[in-house]
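The values are calculated or read from the model by the stated rules, or taken from the named source; none is laboratory data. Since we're looking at a predicted model, the values are computed, not measured. Counting neighbours? That spans all protein chains shown, and the Cβs are built from the backbone with ideal geometry, glycine included. These accessible areas exclude ligands, DNA and RNA; they are computed on the full protein's heavy atoms, side chains included. Shrake-Rupley method; radii C 1.70, N 1.55, O 1.52, S 1.80 Å.
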Amino acid sequence: PGMTVLEVAPGGGWWSEILAPYAKATGGKYYATGADLQNPETSEAAKKGRADFEARFAAKPDVYGQVQLVNFGKKSAPLPENTYDFVLVARSFHGWMGGGVTEKYLKDVHGALKPGGIFAIEQHRANPGTQDPKAESGYVTEAYVIEQVQKAGFELVDRSEINANAKDTKDHPFG
């Protein structure tokens, strides 16, 4: 059997377009987090975003397989325990910081990852130095991400320069 993959906050689905077909082709399962439908405070816009994402991927099961969404948010119940072989968080860490949910979200992901599973983070990287705790620029220092992730119980196995961009002036916010 293939891997069970969870993409946290898939946004427009850039990684979903890769991960869902990969899971389908290898006999795995693809999950994405969506607006928390159990929370009465979840906005209509967030619910619509979740429904639109779901409909887009459900329209092509031959390509994406069965894409499943799980509730995720500031007040959501923990993710299903020991479920995922691979969890990806792409360009969301700064938003967690701004929303004051980093600790909760890392705890949720840690509990959901199978022993030996991989937790991958892609994030706009700030220059080394003091980290703004709200990450208002959208950039986060690598040291801060590693520190927070290790504090949540994860072990750093590797890091990569594959997306490093020497031309990034780091002066535009990502919100």
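Matching residues to (1) open to solvent by less than 70 Å² (accessible area, probe 1.4 Å); (2) over 11 Å from LEU6 (Cβ atoms); (3) in a loop (DSSP other than H, G, I, E, B):
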position: ARG56; (1), (2), (3): no, yes, no
position: GLY73; (1), (2), (3): yes, yes, yes
position: SER76; (1), (2), (3): yes, yes, yes
position: LEU79; (1), (2), (3): yes, no, yes
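Here are some conditions: (1) over 17 Å from PRO10 (Cα atoms); (2) among the small types (Gly, Ala, Ser); (3) open to solvent by 60 Å² or more (accessible area, probe 1.4 Å). GLY28 meets all but one. Which one does it not meet?
(3)
In the stretch 102-121, is there at least one residue being part of a loop (DSSP other than H, G, I, E, B), open to solvent by 10 Å² or more (accessible area, probe 1.4 Å) and out of contact with any Pro (no Cβ under 8 Å at 6 or more places or on another chain)? Explain how you work it out, then say what you get.
Taking the stretch 102-121 first, the residues part of a loop (DSSP other than H, G, I, E, B) are none.
No; the residues of the stretch 102-121 include none that is part of a loop (DSSP other than H, G, I, E, B), open to solvent by 10 Å² or more (accessible area, probe 1.4 Å) and out of contact with any Pro (no Cβ under 8 Å at 6 or more places or on another chain).
Does LYS151 satisfy the criteria of being modelled with pLDDT under 95 and either surrounded by 17 or more Cβ atoms within 10 Å (Cβ to Cβ) or not hydroxyl-bearing (Ser, Thr, Tyr) (or both)?
Working: modelled with pLDDT under 95: no; either surrounded by 17 or more Cβ atoms within 10 Å (Cβ to Cβ) or not hydroxyl-bearing (Ser, Thr, Tyr) (or both): yes.
The answer is no for LYS151.
Can you report the number of residues in the stretch 81-92 which are open to solvent by 30 Å² or more (accessible area, probe 1.4 Å) and either in a strand (DSSP E or B) or without any contact (Cβ under 8 Å) to a residue 60 or more places away in the chain (or both)?
Initially, the stretch 81-92 is screened for residues open to solvent by 30 Å² or more (accessible area, probe 1.4 Å), giving 81-83, 85-86, 91.
Next, only the ones that are either in a strand (DSSP E or B) or without any contact (Cβ under 8 Å) to a residue 60 or more places away in the chain (or both) stay: 81-82, 85-86.
The number of residues fulfilling the criteria is 4.
Say whether the condition of being in a loop (DSSP other than H, G, I, E, B) and within 30 Å of GLY27 (Cα to Cα) is met by at least one residue in the stretch 93-100.
The initial filter retains those residues of the stretch 93-100 that are in a loop (DSSP other than H, G, I, E, B), namely 100.
Checking which are within 30 Å of GLY27 (Cα to Cα) leaves us with none.
Checking the stretch 93-100: not a single residue is in a loop (DSSP other than H, G, I, E, B) and within 30 Å of GLY27 (Cα to Cα).
Assess whether HIS124 counts as being in contact with a Gly (Cβ under 6 Å, 6 or more places away or on another chain) and either loosely packed, with under 13 Cβ neighbours inside 10 Å or not charged (D, E, K, R) (or both). Spell out the reasoning first.
On the way: in contact with a Gly (Cβ under 6 Å, 6 or more places away or on another chain): yes; either loosely packed, with under 13 Cβ neighbours inside 10 Å or not charged (D, E, K, R) (or both): yes.
Yes: the conditions hold for HIS124.
Out of the residues in the stretch 59-68 meeting the condition of being out of contact with any Lys or Arg (no Cβ under 8 Å at 6 or more places or on another chain) and open to solvent by 70 Å² or more (accessible area, probe 1.4 Å), tell me which one is nearest to LEU37 (Cα to Cα).
Taking the stretch 59-68 as the starting set, the residues that turn out to be out of contact with any Lys or Arg (no Cβ under 8 Å at 6 or more places or on another chain) are 59-62, 67.
Adding the requirement that they be open to solvent by 70 Å² or more (accessible area, probe 1.4 Å) leaves 59-62.
Values: ALA59: 21, LYS60: 24, PRO61: 23, ASP62: 27 Å.
Filtering first and then ranking leaves ALA59.
With (1) surrounded by fewer than 17 Cβ atoms within 10 Å (Cβ to Cβ); (2) at pLDDT 95 or above; (3) under 20 Å from ALA120 (Cβ atoms) as the list, and GLY12 as the residue in question, which single condition is left unmet?
(2)
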